[in-house]
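Below is one structure, written out as C-alpha coordinates, with a few remarks after it.
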Amino acid sequence: MEHRVFVYGTLLRGEVNHHLLTDARFLGAHRTEPRFTLLVLGAYPGLIAGGETPVHGEVYAVDAAGLRRLDQLEDYPRLYDRRLIATDHGSAWVYLYRGPRRDRVRLAHGDWRSYSRGGLRGNAVRTRRDPKNPSHRRRAAGGTD
(Lines give C-alpha, C1' and ligand atoms only; values in the text may rest on other atoms or scores of the structure.)
Protein backbone atom coordinates (compact mmCIF):
# COMPACT_ATOMS: atom_id res chain seq x y z
CA MET A 1 0.00 0.00 0.00
CA GLU A 2 1.23 3.47 -0.87
CA HIS A 3 1.06 6.36 1.60
CA ARG A 4 1.56 10.05 0.86
CA VAL A 5 3.63 12.04 3.36
CA PHE A 6 4.09 15.80 3.61
CA VAL A 7 7.60 16.66 4.89
CA TYR A 8 8.68 20.09 6.05
CA GLY A 9 12.06 19.74 7.79
CA THR A 10 15.07 17.46 7.81
CA LEU A 11 13.42 15.08 5.31
CA LEU A 12 13.32 17.73 2.56
CA ARG A 13 15.61 17.36 -0.46
CA GLY A 14 19.11 18.51 0.48
CA GLU A 15 18.51 18.11 4.22
CA VAL A 16 20.23 15.70 6.60
CA ASN A 17 17.51 12.99 6.74
CA HIS A 18 16.41 13.03 3.11
CA HIS A 19 18.26 9.73 2.54
CA LEU A 20 15.29 8.03 4.26
CA LEU A 21 13.20 8.97 1.21
CA THR A 22 15.57 7.46 -1.36
CA ASP A 23 13.02 4.81 -2.35
CA ALA A 24 10.06 7.21 -2.19
CA ARG A 25 8.42 8.85 -5.17
CA PHE A 26 8.55 12.66 -5.17
CA LEU A 27 5.08 14.02 -5.93
CA GLY A 28 5.84 17.72 -5.70
CA ALA A 29 6.10 20.81 -3.57
CA HIS A 30 3.23 21.90 -1.38
CA ARG A 31 2.39 24.85 0.83
CA THR A 32 -0.19 24.16 3.54
CA GLU A 33 -3.17 26.27 4.40
CA PRO A 34 -2.25 28.91 7.03
CA ARG A 35 -3.32 26.73 9.96
CA PHE A 36 -0.02 25.75 11.58
CA THR A 37 2.93 26.97 13.64
CA LEU A 38 6.47 25.84 12.76
CA LEU A 39 8.87 25.69 15.72
CA VAL A 40 12.67 25.42 15.83
CA LEU A 41 13.60 22.52 18.13
CA GLY A 42 17.35 22.75 17.61
CA ALA A 43 18.54 20.60 14.72
CA TYR A 44 15.03 19.91 13.48
CA PRO A 45 11.62 21.60 13.34
CA GLY A 46 8.30 20.76 14.93
CA LEU A 47 4.95 21.51 13.34
CA ILE A 48 1.94 22.12 15.55
CA ALA A 49 -1.70 22.43 14.57
CA GLY A 50 -3.14 25.86 15.17
CA GLY A 51 -1.66 29.12 14.10
CA GLU A 52 -1.69 31.22 10.98
CA THR A 53 1.41 30.04 9.13
CA PRO A 54 1.39 28.31 5.74
CA VAL A 55 4.22 25.76 5.84
CA HIS A 56 6.44 24.97 2.84
CA GLY A 57 7.33 21.36 2.14
CA GLU A 58 7.26 18.41 -0.22
CA VAL A 59 4.95 15.44 -0.71
CA TYR A 60 6.27 11.91 -1.24
CA ALA A 61 4.67 8.54 -1.86
CA VAL A 62 6.16 5.85 0.40
CA ASP A 63 5.43 2.18 0.89
CA ALA A 64 4.58 0.63 4.29
CA ALA A 65 8.27 0.02 5.10
CA GLY A 66 9.09 3.63 4.23
CA LEU A 67 6.33 4.88 6.52
CA ARG A 68 7.68 2.71 9.36
CA ARG A 69 11.17 4.23 8.85
CA LEU A 70 9.69 7.72 9.06
CA ASP A 71 7.69 6.75 12.16
CA GLN A 72 10.93 5.60 13.79
CA LEU A 73 12.77 8.80 12.89
CA GLU A 74 9.93 10.94 14.21
CA ASP A 75 9.57 8.84 17.38
CA TYR A 76 5.89 8.30 16.55
CA PRO A 77 3.65 8.22 18.54
CA ARG A 78 5.64 9.56 21.52
CA LEU A 79 7.26 12.77 20.26
CA TYR A 80 5.24 13.27 17.09
CA ASP A 81 1.70 12.36 16.11
CA ARG A 82 0.64 11.62 12.55
CA ARG A 83 -2.42 13.26 10.95
CA LEU A 84 -3.84 13.50 7.44
CA ILE A 85 -3.92 16.88 5.72
CA ALA A 86 -5.14 17.93 2.30
CA THR A 87 -2.40 18.66 -0.24
CA ASP A 88 -2.25 19.43 -3.95
CA HIS A 89 -1.31 15.74 -4.37
CA GLY A 90 -4.13 14.23 -2.31
CA SER A 91 -4.38 13.53 1.41
CA ALA A 92 -0.99 13.06 3.04
CA TRP A 93 0.32 12.21 6.47
CA VAL A 94 2.08 14.99 8.35
CA TYR A 95 3.99 14.63 11.61
CA LEU A 96 2.80 17.02 14.34
CA TYR A 97 5.04 17.79 17.30
CA ARG A 98 3.73 16.75 20.74
CA GLY A 99 6.60 17.94 22.94
CA PRO A 100 7.22 21.10 24.98
CA ARG A 101 6.49 24.36 23.16
CA ARG A 102 7.44 26.98 25.70
CA ASP A 103 10.27 29.31 24.67
CA ARG A 104 10.59 27.77 21.21
CA VAL A 105 11.45 30.00 18.25
CA ARG A 106 8.61 30.22 15.73
CA LEU A 107 9.35 30.39 12.02
CA ALA A 108 6.80 32.97 10.88
CA HIS A 109 7.67 32.32 7.21
CA GLY A 110 6.99 28.57 7.59
CA ASP A 111 10.06 27.55 5.60
CA TRP A 112 12.57 25.24 7.33
CA ARG A 113 14.86 25.05 4.29
CA SER A 114 15.21 28.82 4.22
CA TYR A 115 16.04 28.80 7.93
CA SER A 116 18.45 25.86 7.79
CA ARG A 117 20.44 27.38 4.95
CA GLY A 118 20.67 30.85 6.43
CA GLY A 119 24.12 31.91 7.60
CA LEU A 120 26.27 30.26 10.27
CA ARG A 121 23.31 29.09 12.35
CA GLY A 122 21.79 27.41 9.32
CA ASN A 123 24.98 25.53 8.46
CA ALA A 124 25.24 24.18 12.02
CA VAL A 125 21.62 23.00 11.92
CA ARG A 126 21.82 21.48 8.46
CA THR A 127 24.77 19.21 9.16
CA ARG A 128 23.80 18.01 12.65
CA ARG A 129 22.40 14.53 13.18
CA ASP A 130 18.79 14.42 14.28
CA PRO A 131 18.94 13.85 18.07
CA LYS A 132 15.22 13.44 18.83
CA ASN A 133 15.03 9.66 18.58
CA PRO A 134 16.79 7.60 21.29
CA SER A 135 18.15 5.11 18.72
CA HIS A 136 19.78 8.01 16.86
CA ARG A 137 21.48 9.18 20.05
CA ARG A 138 22.88 5.68 20.69
CA ARG A 139 24.20 5.42 17.13
CA ALA A 140 25.82 8.85 17.38
CA ALA A 141 27.56 7.72 20.57
CA GLY A 142 28.87 4.57 18.87
CA GLY A 143 26.19 2.19 20.20
CA THR A 144 23.66 0.08 18.34
CA ASP A 145 19.90 -0.14 18.35
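The values are calculated or read from the model by the stated rules, or taken from the named source; none is laboratory data. Bear in mind that the values here come from a model prediction, so they are computed numbers and not experimental data. As a convention, Cβ positions derive from the backbone with ideal geometry for all residues, glycine included, and neighbour counts pool all protein chains shown.
Observations
- Across segment 54-79, the qualifying residues are those that are surrounded by 19 or more Cβ atoms within 10 Å (Cβ to Cβ) and small (G, A, S), and the one among them that is nearest to A108 (Cα to Cα) is G57.
- A count restricted to segment 13-29 and to residues that are part of a strand (DSSP E or B) and either without any contact (Cβ under 8 Å) to a residue 60 or more places away in the chain or within 13 Å of the chain's Cα centre (by Cα) (or both) stands at 3.
- Restricting attention to segment 80-113, the residues that are in contact (Cβ under 8 Å) with a residue 40 or more places away in the chain and either surrounded by 16 or more Cβ atoms within 10 Å (Cβ to Cβ) or among the polar types (S, T, N, Q) (or both) add up to 16.
- Segment 17-48, subset in contact with a His (Cβ under 9 Å, 6 or more places away or on another chain) and surrounded by fewer than 18 Cβ atoms within 10 Å (Cβ to Cβ), residue nearest to R83 (Cα to Cα): R31
- Residue within segment 78-88 that is within 17 Å of A43 (Cα to Cα), small (G, A, S) and part of a loop (DSSP other than H, G, I, E, B) present: no
- Subset of segment 89-106 that is of a type in the set (S, T, Y) and either in a loop (DSSP other than H, G, I, E, B) or more than 18 Å from V62 (Cβ to Cβ) (or both) - its residue that is farthest from the chain's Cα centre (by Cα): S91
- Selected residue (criterion: modelled with the highest pLDDT) from residues of segment 101-123 that are of a type outside the set (A, V, I, L, M) and farther than 19 Å from T53 by Cα: R117
- Screening the candidates G9, G14, G51 for the property of being farther than 13 Å from V62 by Cα, among the small types (G, A, S) and surrounded by fewer than 16 Cβ atoms within 10 Å (Cβ to Cβ) yields one hit, G14.
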